[in-house]
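**Student:** Just passing along the structure, written as structure tokens.
The values are calculated or read from the model by the stated rules, or taken from the named source; none is laboratory data. Here the structure is a predicted model, which means the values were calculated and not measured. Backbone-built Cβ (ideal geometry, glycine too); neighbour counts: all protein chains shown. Note: areas computed on protein heavy atoms with side chains; ligands, DNA, RNA excluded. Shrake-Rupley method; radii C 1.70, N 1.55, O 1.52, S 1.80 Å.
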Amino acid sequence: MEADEFRRYGKQMVDFIADYISSIRERRVLPDVYPGYIRDLIPDHAPVEGESWEEVFKDIERVIMPGASSPACTELEMMMLDWLGKMLHLPKEFLFGSKGPGGGVIQGTASEATLVALLSARNKVISASKRNSKDDVPMEKLICYASDQAHSSVEKAAMLGGLKFRSLPVDDALSLRGEVLRAAILEDRAKGKIPFLVVGTLGTTNSCAFDNIKELGEVCSEENLWFHIDAAYAGSAFICSEFRHLLDGVENADSFSMNPHKWLLVNFDCSTMWIKNRHDVVEAFSVNPLYLKHDKEGQIPDYRHWQIPLGRRFRSLKLWFVFRMFGVKRLQAYIRKHVDLAHEFEEQVKKDERFEVVFPVTLGLVCFRVKGSDALNGEVLRHINERGRITLTPTRFKEMYVIRFAVCSKDTEREDISYAWQEICYATSHVLAAGNL
């Protein structure tokens with residue numbers, strides 16, 4: 001879309017809001033729609049081809065306004081999580097449309113989703129213990145697991161939950177494997193600890209590595225542990241058939257999350273989370289004073305029991321607009337373009353004998369370094385970032401300093417990749433010429 005189109009659409013939306021506020025006295029105070037009304041007004045799947053802004057805009061009054069901010073906020077969110085779940089080919093057990101106990105919710109971030117999963121899993125194991133033995137589970141005995149490549153938010157969630165966290169080593173492909181997890185569980189149980197949660201990562205922050213979720217899920221099923229999958233960045237790619245195999249094994253998960261705000265053209269914040277049995281979450285988060293009760297309770301999910309805060313924003317509108325205006329095909333093309341651009345950059349690195357690619361390039365992240373010392377790489381990165389034309393970030397793997405190049409902007413083109421490579425080469429030549437490292 002051109003800038004003039006964005007301005008026109010933005011002005012139309014602002015005018016709509018202003019007109020709504022000025023005419024608010026003419027509208028009903030409470031909606032008179034029936035529970036589930038939106039499901040009868042919109043399709044049960046995302047469009048393959050994109051639609052025009054005019055088509056989307058006219059549906060705001062037709063679909064959203066009869067339900068005001070609620071129940072429209074809840075019902076559209078349910079539909080959008082089913083739309084996206086179908087785009088990802090999630091097992092039907094995670095979808096509202098299956099009529100089972102599963103469903104999806106929009107959290108603020110993947111970190112928040114991990115914390116919700118952890119607290120739900122904690123409550124589940126504590127409640128089960130009380131039912132079986134009437135004894136409280138000592139909190140200090142509970143322990144959860146993730147790989148040593150997992151995001152720091154997993155350890156932070158355990159800290160906030162007052163629980164022990166154990167980081168497990170990965171294989172040469174930077175993947176956490178089932179046998180490592182099983183050995184840790186057996187070892188900890190022998191010490192009197194109570195394993196209860198495993199977080200598997202698809203697309204780690206450091207290197208975009210993938211845990212073996214098939215093996216991890218099987219171990220969790222056998223050992224009766226909650227299995228949460230964090231695919232914050234990589235999850236968007238799974239709408240493309242060539243990357244969907246990376247999600248094989250999700251059928252054994254209890255919860256799964258990804259961030260459309262990272263790579264699906266949705267602005268921050270919008271982290272989608274699916275839960276196989278929503279009752280596990282509701283039991284952990286439900287506090288229901290009289291002033292929050294309403295006459296439609298139990299007829300549709302009440303999202304205040306699925307999250308940490310009470311209030312929530314109408315985030316599903318963002319998904320609805322993006323899915324309809326782009327369509328599945330254009331979103332897939334967007335992902336594929338970024339992956340192709342990352343491989344173009346990878347080829348530039350491989351052609352220059354001064355550099356090496358450190359990890360396999362699967363999606364839009366390229367991890368590389370200058371052949372030489374960590375000090376040399378640190379100085380090259382410092383020089384790149386100080387020039388201010390592009391910005392790169394570092395990571396460290398097995399004490400090796402690595403530079404990360406991520407293709408992540410909506411407007412990135414081939415010439416931007418070439419420009420970035422020229423900047424990297426300029427900085428590298430400058431540092432090498434100085435000869436101090």
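**Student:** Which lysines does K124 reach when only Cα atoms under 17 Å apart count, and residues fewer than 8 places away in its own chain are ignored?
**Tutor:** K134, K141, K164, K193, K276
**Student:** Here's a follow-up. If the cut-off is 15 Å between C-alpha atoms, which aspartates and glutamates fall inside it for K11, apart from same-chain ones fewer than 8 positions away?
**Tutor:** Those aspartates and glutamates meeting the cut-off are E2, D19, E54.
**Student:** For the range 372-436, report the translational diffusion coefficient in µm²/s to the nearest whole number, using Stokes-Einstein at 4 °C, 1.567 mPa s, and a Kirkwood Rh over Cα pairs.
**Tutor:** 103
**Student:** Tell me the Kirkwood hydrodynamic radius of the range 184-276 in angstroms, computed as one over the mean inverse distance between distinct C-alpha pairs.
**Tutor:** One decimal place: 14.0 Å for the Kirkwood radius.
**Student:** Let me ask another. If you plug each phi of the range 200-214 into the Karplus form 6.51 cos²θ - 1.76 cosθ + 1.60 with θ = phi - 60°, what whole-Hz ³J(HN,Hα) values come out, in order, with x for Gly and Pro?
**Tutor:** Karplus values, whole Hz, x for Gly and Pro: x, 10, 10, x, 5, 4, 4, 9, 6, 8, 10, 5, 7, 6, 4.
**Student:** Which of I17, I390, I239 ends up with the largest GNM mean-square fluctuation for the chain, with Cα atoms connected below 10 Å?
**Tutor:** Highest fluctuation of the listed residues: I17.
**Student:** Positive end of the dipole of the range 1-84, charges at C-beta (+1 Lys, Arg; -1 Asp, Glu), about the Cα centre: which of A18, P47, A3 has its Cα farthest in that direction?
**Tutor:** A18
**Student:** Of F243, F355, F196, which has the largest mean-square fluctuation in a 10 Å C-alpha GNM of the chain?
**Tutor:** F355
**Student:** Mind ranking L363, L41 by accessible surface for me, highest first, 1.4 Å probe?
**Tutor:** L41, L363
**Student:** Next question. Could you work out which residue, out of K86, K99, K11, moves most in a Gaussian network model of the chain, that is, has the largest mean-square fluctuation with Cα springs under 10 Å?
**Tutor:** Among K86, K99, K11, the largest mean-square fluctuation in the Gaussian network model of the chain belongs to K11.
**Student:** Report, ordered by chain and residue number, the lysines lying within cross-link reach of K410, taken as a straight Cα distance under 17 Å and ignoring same-chain residues fewer than 8 apart.
**Tutor:** Partners found: K262, K318, K329, K337.
**Student:** Measure off, as a whole percent, the carbon and sulfur share of the 1.4 Å-probe accessible area of the chain, all protein chains present.
**Tutor:** The C+S portion of the solvent-accessible surface of the chain is 53 percent.
**Student:** On to the next question. Starting from the Kirkwood radius over alpha-carbon pairs of the range 72-125, derive D by Stokes-Einstein at 20 °C in a medium of 1.002 mPa s and give it in µm² s⁻¹.
**Tutor:** 177
**Student:** While we're looking at this one, here's another question. Show that you can apply the helix-only estimate: for the chain, add -39,500 (n - 2.57) for every DSSP H stretch of four or more residues, divide by all residues, and state [θ] at 222 nm to the nearest 500.
**Tutor:** -14000 deg cm²/dmol
**Student:** Follow-up. Compute the semi-axes of the equivalent ellipsoid of the chain, taking the square root of 5 times each eigenvalue of the Cα gyration tensor, and list them largest first in whole Å.
**Tutor:** 39, 33, 17
**Student:** Which of the trypsin sites (Lys or Arg not before Pro) found in the range 118-157 are loop residues per DSSP with 10 or fewer other Cβ atoms within 10 Å of their Cβ?
**Tutor:** Here the sparse-neighbourhood loop sites are K134.
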